[in-house]
Structures are given as C-alpha cells and as structure tokens.
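Here is the structure we will look at.
Derivation of every value follows stated rules applied to the coordinates shown; laboratory data play no part. This structure is a prediction, so every number in the text was calculated from the model and none was measured. Neighbour counts run over all protein chains shown; Cβ positions are idealised from the backbone, glycine included.
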Amino acid sequence: MERFIIEHCSPTLASLKTANLFNYVFDTETELYSYLRELNKKLSGKGVKATLLRKTERSALVYLFREKKLQQDLEQPGVRQFMRQYGYENPSAKQAVAGLRKRFAEGEGFPHEIGLFLGYPLGDVIGYIENAGRNSKCSGCWKVYCNECEAMKMFARFDKCKAVYRRLFTEGKKTVDQLTVAV
C-alpha cells in the first residue's frame, strides 16, 4: 500500500493538496483494516487521515486527506451552498466525509461533488458537471474550466512532488511517514 500512497498521494503528503484517492487491491479484509489502522496511527499526528470510501470483495477506494485543509476548502465562498444541492447541510469536514461515504454507498459511480473533497476549485467542479466532463480548457489532476494558468502551475508542482517522493521512496532513503509533512 505504501507504493500506492507515494504514487497517488504525494501532493497530499507534502501538504500541497487537500486529498487524493487510490484503489487498493487486498488479499483479506483483515489485512486491509490492519494496514489502514497502522497508517492512521503513523500519519494522524501529521494531520493526515486515511479512510475507506467504498469497498468491494477485493478492492478498496481509499481517501487520504488533510482534515484541516478540507475544512478550509468547505468554508470557501459558494461551497456550502453548492454542497447543499447534494445533501450536505453545513457539514464539518468529518461530517462531510461521512456524507461522501454514504453517497458512494448509494450509487455506483463517483458523486459529482468529489472534486471538492480533493481540493479542486469550485468553478472547475461546477464546469465539469455543467459540461458533462467535456469542453475543458486543459486537464491534469482534474479537468480545468476556470483558471487554466494557475491550474497548470499546480499540476507542475504536483508532478515534481510525485517525482521527488517516488525517487526518495524507491531508493529507500525515506519512508511514507518521513515524507509526510506535519502541519
């Protein structure tokens, strides 16, 4: 699982991004839950949490996030009003994650508001919904509909972070715990 975390969540570990998702294939549920407990024990003191959003027989969708950063994102102008459309009534970050988990349980796809949980700008989330994922100005971690220049700079920072974290981890110089920035 640590390899998946480095590959898919480096910007969150570095505190450049609110959250990331990754799909993890496991052998047993005991293994999965044990690893998640251990991961949370290691990273929670640094402001990072891991939780399951959806689980099938052999795979789990893991949400790795910074709760304080998510709370700040939820307090941005227009976000609460947007979230109400999807059944979130002025949630705290913890309540919002519980609501997202519920939304995953109710449907088969990805809830439209997932982008806000990943730190995407509200305008891009709305643009994605209104355009059904088409007509974006550019794409990287997400499809961009508003501030293309700023998004491209962020995507470049995320890519550089992933490359540095991948190198440090694969060379055995740093562990996931050591690469996680405390905030």
Estimated vicinal HN-Hα couplings, Hz - the stretch 135-142 in sequence order (Karplus 6.51, -1.76, 1.60; Gly, Pro = x): 6, 6, 6, 6, 8, x, 5, 8
Cα-centred dipole magnitude for the chain, charges only on beta-carbon of K, R (+1) and D, E (-1), debye, nearest 20: 480
Relative frequency of Cα-Cα separations exceeding 23 Å in the stretch 2-173, percent: 42
Residues whose placed amide H lies under 5 Å from that of K137, excluding near-sequence neighbours: V144, Y145
Contact order relative to length of the stretch 2-173, as percent, for alpha carbon pairs under 8 angstrom and 6 or more apart: 21
Mean ellipticity per residue at 222 nm, deg cm²/dmol - from DSSP H runs of n ≥ 4 across the chain, formula -39500 (n - 2.57): -15500 deg cm²/dmol
